[in-house]
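Chemist: Dumping the structure here so I can ask a few things about it.
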Amino acid sequence: MRRRHLMLLAAPLLASSVALAPAHVAQAGSSGTSGVKQAVKVTKVEVVTLLQPGETVECNGTPVAMAFDGKITATGPGTVRYHWTVNTSRTRVSPGSFAFGAGTSTKVDLQVVDMPAPRNAKAVTGYVTLHLPDQKKSVRSEQVTFPCKK
């Protein structure tokens, strides 16, 4: 009889530990663990050029800073990883992530890159691409051209 009583006491404990497993999986999904689908859904990605094309710059061998905003809009809780690339390079620049809560919100990442400005060049041109690898999305900025001062 005592053994049966102990088993009855252990059953609720076993059931509660089994009930915790789905909560743990849901938590892992929001933290980006691979193999578990996240609740976050990216609804919009855009790259905005902050410096207007047409401004003249010094082309004296010193790189010219170009600034861009990467805007990610998402719905639902979870983490969205991202990184940037510059021009045709595949080198990942400024990797990061945004944590989104319930509801819809927009997060912004400022990306400033130095574009080469060779001496005697006529213009400095460049662009960036914002990549969201988990969502398999990439968005490229417009190509920006700054004429060199004469």
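The values are calculated or read from the model by the stated rules, or taken from the named source; none is laboratory data. Predicted, not measured: the structure shown is a model, and the values here were computed from it. Side chains included, ligands, DNA and RNA excluded: accessible areas come from the protein's heavy atoms. Shrake-Rupley method; radii C 1.70, N 1.55, O 1.52, S 1.80 Å.
Chemist: Suppose accessible area is computed on protein heavy atoms with a 1.4 Å probe; arrange R92, R81 from highest to lowest.
Modeler: On the way: R92 155, R81 110 Å².
Ranking R92, R81 by accessible area, largest first, yields R92, R81.
Chemist: Follow-up. Cut-off under 13 Å on the C-alpha distance; same-chain residues fewer than 8 positions from K41 excluded. Which aspartates and glutamates are left, in chain and number order?
Modeler: Leaving aside aspartates and glutamates fewer than 8 places away in the same chain, those within reach of K41 are D134.
Chemist: Give the cross-link partners of K150 among the aspartates and glutamates, using a straight C-alpha distance below 20 Å as the criterion and excluding same-chain residues fewer than 8 apart.
Modeler: E55, E58
Chemist: Hey, what D do you get for region 41-150 in µm²/s if you plug the Kirkwood alpha-carbon radius into Stokes-Einstein at 25 °C and 0.890 mPa s?
Modeler: Values: Rh = 14.8 Å.
Using the Kirkwood radius from Cα pairs, D works out to 165 µm²/s.
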